[in-house]
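The values are calculated or read from the model by the stated rules, or taken from the named source; none is laboratory data. Quantities reported herein were computed from a predicted structural model and do not represent experimental measurements. Reconstructed Cβ throughout: ideal geometry from the backbone, glycine too, with neighbour counts over all protein chains shown. We work out accessible area using only protein heavy atoms, side chains counted, and drop any ligands, DNA or RNA first. Shrake-Rupley method; radii C 1.70, N 1.55, O 1.52, S 1.80 Å.
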Amino acid sequence: ENQGEILHATGLIHGSTRVVGEFSPAARGTINAAGVVNDRDDRVDVSFRRVVFALDKPGAVQTVVSPKADPTLARPAVDTVFLDDELRVTRGGDGSLFVLVRAQQGPQMLDRAARERLYAADGSRDVVS
């Protein structure tokens, strides 16, 4: 699960994103969308299950989407570039770089029961990713 905060520079809008999915070790030798071979066993395949977009200021609005993988495209994956207790740097399957910092406070990750409720909830929209 990855979470992000949305805050407009003027403070007029505040919200969040939450990407929920499953991760598994990628097989050695797999090739990502950028053509990079997994030869260091540092790749993780990603299966996105839900993306939640929420605004809580100026009003409360939430949208949940269900990403559906396009079988003609490479499977989403990330390669670990650097990892410690506070920082994670990964390179996406398309070559994009992600720098993630562990928040000292903020929303907690969903527990297993909350994740299952999110997966089972009606009202999410399918999108092709």
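When the Gaussian network model of the chain links Cα atoms closer than 10 Å, the mean-square fluctuations of 93, 29, 106 top out at 106.
Taking only protein heavy atoms and a 1.4 Å probe, the accessible area of the chain is 57% carbon and sulfur. Using a 1.4 Å probe, what is the accessible area per residue for the chain, in Å²? That works out to 69 Å² per residue. If the chain linking residue 47 and residue 104 were pulled fully straight, counting 0.36 nm for each residue of separation and taking away their Cα-Cα distance, it would gain 17.9 nm. Based on DSSP H segments of at least four residues, each scored -39500 (n - 2.57), the chain has a per-residue ellipticity at 222 nm of -2000 deg cm²/dmol.
Scaled against 2.2 N^0.38 Å for its residue count N, the alpha carbon radius of gyration of segment 17-129 is 1.19.
Size of segment 43-92 from its Cα atoms: along the principal axes, largest to smallest, the extents are 39, 35, 12 Å.
Across all Cα pairs in segment 19-64, the calculated P(r) in 5 Å bins from zero up to the longest distance comes to 5, 18, 17, 14, 12, 9, 9, 8, 6, 2 percent per bin. Size descriptors for segment 1-83 (Cα atoms only): Rg and Dmax, in that order, 16.5, 48 Å.
Among the trypsin sites (Lys or Arg not before Pro) in segment 42-129, which ones are in a DSSP loop with at most 14 other Cβ atoms within 10 Å of the Cβ? Mind listing them? Passing sites in segment 42-129 are 102.
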